[in-house]
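Take a look at the structure set out below.
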Amino acid sequence: MSKKQDQGTNLLYRLIGEARTYDDVIVMGRGDPDFDTPAHIVAAAKEAMIHHHADHAPPEGLPALREAIAERVKRVNNIDVDPATEVVVTNGGQEALFLMVLAVIAPGDEMIVPEPNYNTYADSLAFAGGVKVEVQTWPNDAFRADPDLVRAAISERSRALLLVSPNNPAASVISPADTAELLDIASENDLMILSDEIYDLFVYDDFVHTSPAALPGGKERTLTLNALSKAYSMTGWRLGWIVGPADLMARVAELKAAISGGASVISQHAGIAALTGPQEPVEMMAEAYRKRRRLVLDALDAMGMKYGLPQGGQFVFADIGFTGLDSAEVAQRMLTEQHVLAYPGSAFSKDRKDYLRMTFLQPEDQLIEGLERMKTAMGSIMAGQ
Ligand SMILES: Cc1ncc(COP(=O)(O)O)c(C=O)c1O
């Protein structure tokens with residue numbers, strides 16, 4: 001296997017492939033919620049299959065769903081958008097992020113990316129012919145995207161700033177003050193902000209999620225991404241969105257039409273039910289993640305492992321530098337010897353060979369067992385076995 005084939009997303013898919021071959025595997029790697037999609041959403045999809053399956057869906061999405069999205073981003077994020085011209089429905093967050101990058105980045109343009117970050121941004125940037133300019137973030141600073149470092153990374157080719165908050169994999173949340181300062185920097189340097197807010201409903205302790213598009217002067221230079229995958233446990237339904245200023249959204253809609261046309265009408269009707277129906281299931285899931293996060297952090301504390309405190313999202317990015325091994329090797333040994341899958345930090349960033357990303361997207365008994373197996377694997381690594 002070539003080196004490139006065993007890096008980033010490819011490395012993750014190889015590990016997932018091996019994990020599938022074990023009957024008793026505990027998957028603490030993948031970022032997909034473990035809950036069933038709430039019943040009223042499934043019922044709306046069934047109804048749509050019978051009555052709406054052949055509806056014409058415009059590439060930018062069904063009007064009723066765009067209205068529900070506009071209402072949601074106003075209610076949750078305080079972003080004002082016109083559903084007719086400033087909302088595009090996508091095939092999940094994954095397509096949304098490709099569309100955002102393709103709409104904004106021309107060959108040679110630079111995008112400033114706080115690292116570590118969700119690895120598909122690097123892939124989409126490569127497709128667009130853009131250049132990634134990394135700004136490093138570290139656990140001793142709670143993986144803060146330091147505005148001074150962002151300012152220092154700007155060049156004449158800078159076109160956009162990526163903000164993923166809460167972050168995957170670092171689980172950091174950009175504070176209201178930093179969001180305002182980063183927006184000022186973007187305005188002073190005429191940068192677009194690509195704001196990935198897919199984890200915005202999962203924020204812990206006293207941390208606060210802020211949408212740059214909600215701040216004065218923010219909307220006209222921000223594309224905001226979200227999806228139903230995480231909040232409603234709808235990963236496989238493939239439904240997400242981008243909202244932003246009408247001129248850029250026209251470009252996004254054009255790309256969406258060319259790449260895949262409208263999203264599945266069945267999923268879109270389910271999406272309307274998700275956004276306009278009862279929100280208690282989301283609160284119930286958020287509460288479960290809160291409890292599981294505590295459980296994982298207590299177990300890591302007991303093992304003496306260091307990590308950046310997860311301020312939001314569904315992950316812990318833990319420091320395994322004490323093993324002296326590359327995270328890909330540690331993840332491989334944990335998987336092959338103990339049948340527990342965590343993701344190597346090196347899959348997210350070449351400079352994060354000392355980290356493992358773990359999720360709390362498993363029932364508590366599985367998490368406890370997974371952490372126990374991880375401890376055993378670490379024990380044998382440290383004993384030089
Ligand atoms: C930060 C971030 N953005 C986008 C996505 C893609 O989301 P989706 O599963 O809706 O395609 C993910 C998925 O894990 C993510 O973590």
Remind me, relative contact order of the chain in percent, using alpha carbon pairs under 8 angstrom and six or more residues apart? 25 percent
Gap in Å between the Cα centre of the range 255-282 and the Cα centre of the range 17-51? 16 Å
Amide H contacts of Ala227 (H built 1.01 Å from N, under 5 Å, at least 5 apart or other chain): Trp241
Under the Karplus relation with 6.51, -1.76 and 1.60 and θ = phi - 60°, whole-Hz ³J(HN,Hα) for the range 128-136, x at Gly and Pro, equal 7, x, x, 10, 8, 10, 8, 10, 7
What helix-only [θ] at 222 nm does the chain give? Using -39500 (n - 2.57) per DSSP H run of at least 4, over all residues, to the nearest 500, the answer is -13500 deg cm²/dmol
For the chain, what is the number of Lys pairs with C-alpha distance below 23 angstrom, counting only pairs 8 or more positions apart or on separate chains? 20
Prolate/oblate/rounded label for the range 39-276 (Cα gyration tensor, a/c 1.5): prolate
Measure nothing fancy, just the Cα-based angle from helix 280-303's long axis to the longest principal axis of the chain, in degrees from 0 to 90, nearest 10. 30 degrees
Going by alpha carbons, how many degrees (0 to 90, nearest 10) lie between the helix axis of 327-338 and the longest principal axis of the chain? 70 degrees
Taking trypsin sites (Lys or Arg not before Pro) in a DSSP loop with at most 14 other Cβ atoms within 10 angstrom as exposed, one finds the longest site-free stretch of the chain at 158-349
Other-chain or far-sequence residues with amide H under 5 Å of Val131's (modelled H): Gly108, Asp109, Glu110, Met111
Roughly what angle does helix 265-276 make with the longest principal axis of the chain, taking Cα atoms, 0 to 90 degrees, to the nearest 10? 90 degrees
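Quick note: the coordinates plus some simple rules give every number you see, no bench work behind them. The shown structure was predicted, so the numbers you read here are calculated from the model rather than taken from an experiment. Counting neighbours? That spans all protein chains shown, and the Cβs are built from the backbone with ideal geometry, glycine included.
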